[in-house]
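J.: Let me begin by handing over the structure; questions about it come next.
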């Protein structure tokens, strides 16, 4: 495949109180994001709260998202096939391949600590058992296991790695990833939404962004301007404001609030939340709604 670059929306997955996917609402959001000009979609990512979905739901969602992306502009699809069980990762990656995904993203397995040598073997076996390029997904805050530079190098020597996505609090790790990416021939995609322009200047090929569900046109503009050698002060300032205003909420509830503020039905929270959190959520949605309505960047 060609280089994995550009803006990929980490697609939100709306569900009802019974945990069923709200397909119409999902399609409406997906159509909006694609119209906003992103280069592709990450399906079943952390923003989409894939851990709350059954295996069958994940396969159904993959099939629908891939079909829609191919019908509406042939946008690329990164399928997050992560799971604590290796056999499920392989099975879902094979399904993603059959459905037409462009690559498979894989987190380290979570809950138990994993030696780096065993983590390398985990990824290598996925790559060998599935004929689909890999995007290694480093997010230690949720997985509990980080992917070391040496592990990435070992995996990239053994199987096809097209990208590494860096999420979480260790922003400086981008530099190490970019260095080994140049050495091994893969791209680095950031999950640091609010620092997109900075990461592009560092050498990242793009972003896999949760906030691109809410303001895809803004992320597209930042990326396009960078490609043209231009800066994006207004767009970057807006994204920074969004990041600050969703601060009272935890991820991914904060992203849900941003999407709701843009006027989309986001479904029910996938786990019970307190009355206090619900009040904070409502206040954040109200605040962001006002911000979006007042922004000249978001006017049709």
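Here, each number is a calculation from the coordinates, and none is a lab measurement. Because the structure is a prediction, the values reported are computed rather than measured. Because the Cβ atoms are built from the backbone with ideal geometry, glycine has one as well, and the counts that use them run over all protein chains shown.
J.: Where does each of 234, 49 land when they are ranked from fewest to most other beta-carbon atoms within 10 angstrom? Let's see the in-between values first.
T.: Details: 234 14, 49 19.
By the 10 Å Cβ count, ascending, the order reads 234, 49.
J.: Please report the spacing between the Cα centers of the range 245-279 and the range 84-113 in Å, no decimals.
T.: Going from one Cα centre to the other spans 27 Å.
J.: Also, quick follow-up: Okay, helix-only estimate at 222 nm for the chain: each DSSP H run of n ≥ 4 adds -39500 (n - 2.57), divide by all residues, round to 500 deg cm²/dmol; what do you get? Mind dumping the intermediate values first?
T.: On the way: 12 runs with 145 residues, N = 300.
The helix-only estimate for the chain comes to -15000 deg cm²/dmol at 222 nm.
J.: For the range 6-228, just run the numbers: alpha carbon Rg, then divide by 2.2 N^0.38 Å, N being how many residues it has. Let's see the in-between values first.
T.: Details: Rg = 16.3 Å, N = 223, 2.2 N^0.38 = 17.2 Å.
That works out to 0.95 for the range 6-228.
J.: Further, regarding this structure: Could you work out how far the C-alpha centroid of the range 133-168 sits from that of the range 202-223, in angstrom?
T.: Distance between centres, Cα-based: 21 Å.
J.: Compute the relative contact order of the range 1-120 as a whole-number percentage, counting only Cα pairs closer than 8 Å that sit 6 or more residues apart in sequence.
T.: On the way: 159 pairs, mean separation 26.7, N = 120.
Computed value for the range 1-120: 22 percent relative contact order.
J.: Additional query: Label-point separation (nm) for residue 157 and residue 269, each offset 7 Å from Cα along Cα-to-Cβ?
T.: Modelled inter-label distance: 4.7 nm.
J.: Does the range 147-297 classify as rounded, prolate or oblate by the C-alpha gyration tensor (a ≥ b ≥ c root eigenvalues; a/c under 1.5 gives rounded; else a/b over b/c gives prolate, otherwise oblate)?
T.: Oblate.
J.: Extension gain residue 175-residue 277, at 0.36 nm per residue separation less the Cα-Cα distance, in nm? It would help to have the intermediate numbers written out before the result.
T.: Details: separation 102, 0.36 × 102 = 36.72 nm, distance 3.58 nm.
Separation in residues times 0.36 nm, less the Cα-Cα distance, equals 33.1 nm.
J.: Can I ask one more? Using the Cα gyration tensor of the range 6-54, with a ≥ b ≥ c the square roots of its eigenvalues, what is the shape: rounded (a/c below 1.5), prolate (a/b larger than b/c) or oblate (neither)?
T.: oblate
J.: In degrees from 0 to 90, rounded to the nearest 10, what is the angle of the helix 173-184 Cα long axis to the longest principal axis of the chain?
T.: Value to nearest ten degrees: 40.
J.: How would you classify the range 126-218 from its alpha-carbon gyration tensor, with a ≥ b ≥ c the square roots of the eigenvalues: rounded for a/c under 1.5, else prolate if a/b is greater than b/c, otherwise oblate?
T.: prolate
J.: Between residue 244 and residue 70, what is the FRET efficiency for a Förster distance of 35 Å, r being their Cβ-Cβ separation, to the nearest 0.05?
T.: Details: r = 37 Å, r/R0 = 1.05.
Rounded to the nearest 0.05, the efficiency is 0.45.
J.: Normalising by the residue count of the range 6-228, find the relative contact order in percent from Cα pairs under 8 Å and 6+ residues apart.
T.: Details: 410 pairs, mean separation 46.0, N = 223.
Over the range 6-228, the number comes to 21 percent.
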